[in-house]
Amino acid sequence: MFRDINQAIAFIESQVTGQVDFIEFKEIYNKYKRKHQPFYIHVTGTNGKGSTAKMFSDVLRNANYKVGLFTSPHMEVSNDRVRINNEYISNQNLLNYINDLYTDIIKYNINFFQIYTLIALLYFQDQACEFAIIEVGIGGLYDSTNVIDAKLAIITNISLDHTEKLGKSIKDIAYNKAGIIKDNSFVLTHVEDEVALAEIRKVVSQTNSQLNILGDIESSLEDGERVFMIDGMTYHLENPAIYQVKNAQIVIAAIKHLNSLGYNIAQEILVASLKAFTWSGRYEVINQDPLVILDGAHNIAGIKALIATAPKDALIIFAAMKDKDYQIMLDLLVANFTEVVFVEFNYYRALKASDLIGIKSFESAKSAYAYYLDKYPNKTVIFCGSLYFVSEVSNNRRDIIDTNN
């Protein structure tokens, strides 16, 4: 048991590995789950899960609904994984849940993501949330978040990622992600690959669910904002990233579905919420002169999405996990931007400079940024790659960018 929140969080994050499979985890969850259950919205996909979940929660919150949001990894503090109406779970509440669950965490060796999943779901139930938007960790079918009975399932997109856990083919990965679809639910997706769609359609049929497949729409950049139109209505995103248009399109379709069920989300609230949307580490501007951007493009699809948005003369500071297709990502970055350098960061799965050949490397984000500032004083700098790296940069942005320190 813990009295200090920092000790409690250190304990959670030491639970890197665990022995609890999905069936056993569901039994543990059922032991604790409360009578009140929110309207669950489950979000999976290779990219865009967090952005879509946060964007959706902003709209519902602004429409005066009480909405829980569970995302990962955390970007600022551990508490930011678990929010209600965009307010992080308090240290005291987090400490209480850790202590309440401590005996079973030790008994079953529950891993850190499963611990956070339990805390989030129980917190949203205890606080009587009307909605709870839950982002999966990896995949869907056997992800710990899949203990919920979601009435709305969102599959943002599907490409090859986490192949060691989800399967080596698009078909296998689609099957895994479609595992979040429950009986008689509504399914939204931006998946385009026909092999992946075939797997999704199969599960939709088996569960007697309804599928809505969204197609691409055109957008333009006007005064730094991304602008697009759906059903005669014009929408603006202050975030200029092209990939956020697809996420917004999913949210717009989801709101339309909720309104068809009798909820009341006004069009003006939807428009205003999308325009004001922000999300840490997703094409986030953290400095204006020179322009410095954080983007959690951590797989091939994410890198391609970044390339579609970012200026071609940008300078890239990249870091990645060693279990990703880092060489392909680096090759894409090198082919599309002025210069690319690599940075090591402190995480047990992080890629090391010794694993790479032929790319300039730095021991810290600060030294990499200082190198660019000296060589190209006025060019855009983009920190990208693992969200854990982007989080590290975000939390230390003042020290990294302030070269006088």
So what is Rg over Rh here for segment 240-316, counting just Cα atoms and using Kirkwood for Rh?
1.08
Take the alpha carbon atoms of segment 17-56, find their center, do the same for segment 102-180, and report the distance between the two centers in whole angstrom.
4 Å
Under a Gaussian network model of the chain whose springs join Cα atoms within less than 10 Å, the largest fluctuation of Ile23, Ile148, Ile316 belongs to Ile23
If we sort 107-115, 383-391, 221-229 on the protection proxy, mean other Cβ atoms within 10 Å, highest first, what's the order?
383-391, 107-115, 221-229
What FRET efficiency comes out for the pair Val334/Asn378, r = Cβ-Cβ distance, R0 = 25 Å, nearest 0.05?
0.70
Quote the Stokes-Einstein diffusion coefficient, in whole µm² s⁻¹, for segment 145-270, based on the Kirkwood radius over alpha carbon pairs, a temperature of 4 °C and a viscosity of 1.567 mPa s.
81 µm²/s
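Can you pull the Kirkwood radius for segment 284-401, inverse mean 1/r over Cα pairs, to one decimal in Å?
13.9 Å
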222 nm [θ] for the chain, helices only, -39500 (n - 2.57) per DSSP H run of 4+, per residue, to 500?
-12500 deg cm²/dmol
I need the semi-axes of the equivalent ellipsoid of segment 56-189: take the C-alpha gyration tensor, multiply each eigenvalue by 5, square-root it, list largest first in whole angstrom.
25, 20, 13
Describe numerically, in nm with one decimal, the distance between label points set 7 Å from Cα along Cα→Cβ at Ser169 and at Lys256.
3.4 nm
3J(HN,Hα) from dihedral phi, segment 3-14, Karplus parametrisation 6.51/-1.76/1.60, rounded to Hz, x for glycine, proline:
9, 10, 5, 5, 5, 5, 5, 4, 5, 4, 6, 7
Under a no-solvent Debye model with one identical scatterer per Cα of segment 1-84, what's log10 I(q)/I(0) at q = 0.19, 0.24 Å⁻¹?
-1.23, -1.30
Using only alpha carbons, build the gyration tensor for the chain and give me the equivalent ellipsoid semi-axes, biggest first, whole Å.
32, 27, 21
For the residue pair Gln19 and Asp399, what label-to-label distance in nm results when each label sits 7 Å from Cα along the Cα-to-beta-carbon direction?
3.8 nm
Given 0.36 nm per residue, what is the gain on full extension from Gln267 to Asn86 after removing their alpha carbon distance, in nm?
63.1 nm
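No lab work stands behind these numbers, since they all come straight from the coordinates. This structure is a prediction, so every number in the text was calculated from the model and none was measured. Note: ideal-geometry Cβ built from the backbone for every residue, glycine included; neighbour counts use all protein chains shown.
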